[in-house]
Amino acid sequence: MARPRAAIEERAAQAVKNIDPGRTLDASHLIGEVSALAGAAGLSVGIDPPRTQRTDQFAYHTVQVTFRRAALGALVNFYEALGKRAPYLALEQCTLAADRANPAQLNATFSIFSVEVDASAHGPDQRGKK
């Protein structure tokens, strides 16, 4: 039986083969993309600084995104737009609560992640490819 770390690294290597390194997002681009998606949905957003975990082949970036007093329709629009960016950008966790002052509005916190593939791990022909 393979050791857990080795098994995880093997599965990660297989998953990375199906991802175009040129379409992955670094932490800065993750924030920019989330801001653009929120703006397009008509939402004002608060974005915490990104957290990053790295392996030899990729970096996993996570940001916490907060929406205050948002309409349900706008949050659904944001979620649907986010889903169209998968697997390069995806929702990890979502918390919704009715606003105390106006229960018709929602306060939402989303944890969103992106995967950044090290293009050099796929050979020079993949670097910068879009």
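The values are calculated or read from the model by the stated rules, or taken from the named source; none is laboratory data. If you're wondering where the values come from, they're calculated on a predicted model, not measured in any experiment. We place every Cβ from the backbone using ideal geometry, glycine too, and count neighbours over all the protein chains shown. Heavy atoms of the whole protein, side chains included, go into the accessibility calculation; ligands, DNA and RNA do not. Shrake-Rupley method; radii C 1.70, N 1.55, O 1.52, S 1.80 Å.
Among the conditions (1) open to solvent by less than 60 Å² (accessible area, probe 1.4 Å); (2) more than 17 Å from residue 116 (Cβ to Cβ), residue 20 misses just one, which is (2). If I filter the range 23-30 for residues that are among the acidic types (Asp, Glu) and in a loop (DSSP other than H, G, I, E, B), do I get at least one hit? Yes, because at least one residue in the range 23-30 is among the acidic types (Asp, Glu) and in a loop (DSSP other than H, G, I, E, B).
Here residue 123 meets the list (1) open to solvent by 50 Å² or more (accessible area, probe 1.4 Å); (2) at positive phi; (3) modelled with pLDDT under 95 almost entirely, failing just condition (1).
Only residues that are closer than 27 Å to residue 98 by Cα and exposed (fewer than 14 other Cβ atoms within 10 Å of the Cβ) were counted in the range 36-57, giving 8.
Looking only at residues in the range 67-100 that are part of a loop (DSSP other than H, G, I, E, B) and within 19 Å of residue 31 (Cβ to Cβ), which one is least open to solvent (accessible area, probe 1.4 Å)? It comes out as 88. Within the range 58-106, being over 16 Å from residue 34 (Cα atoms) and touching a residue at least 40 places away in the same chain (Cβ under 8 Å) holds for 58, 59. Tell me yes or no: at least one residue of the range 68-77 is hydrophobic (A, V, I, L, M, F, W, C) and modelled with pLDDT under 95. No; the residues of the range 68-77 include none that is hydrophobic (A, V, I, L, M, F, W, C) and modelled with pLDDT under 95. Checked against the criterion of being open to solvent by 50 Å² or more (accessible area, probe 1.4 Å), closer than 26 Å to residue 118 by Cβ and modelled with pLDDT of 95 or more, the range 58-66 contains one or more residues that satisfy it.
How many of the residues making up the range 34-57 are touching a residue at least 60 places away in the same chain (Cβ under 8 Å) and under 13 Å from residue 110 (Cβ atoms)?
Within the range 34-57, residues that are touching a residue at least 60 places away in the same chain (Cβ under 8 Å) and under 13 Å from residue 110 (Cβ atoms) number 1.
Per the conditions (1) modelled with pLDDT of 95 or more; (2) under 20 Å from residue 18 (Cα atoms); (3) not hydroxyl-bearing (Ser, Thr, Tyr), the sole criterion not satisfied by residue 112 is (2).
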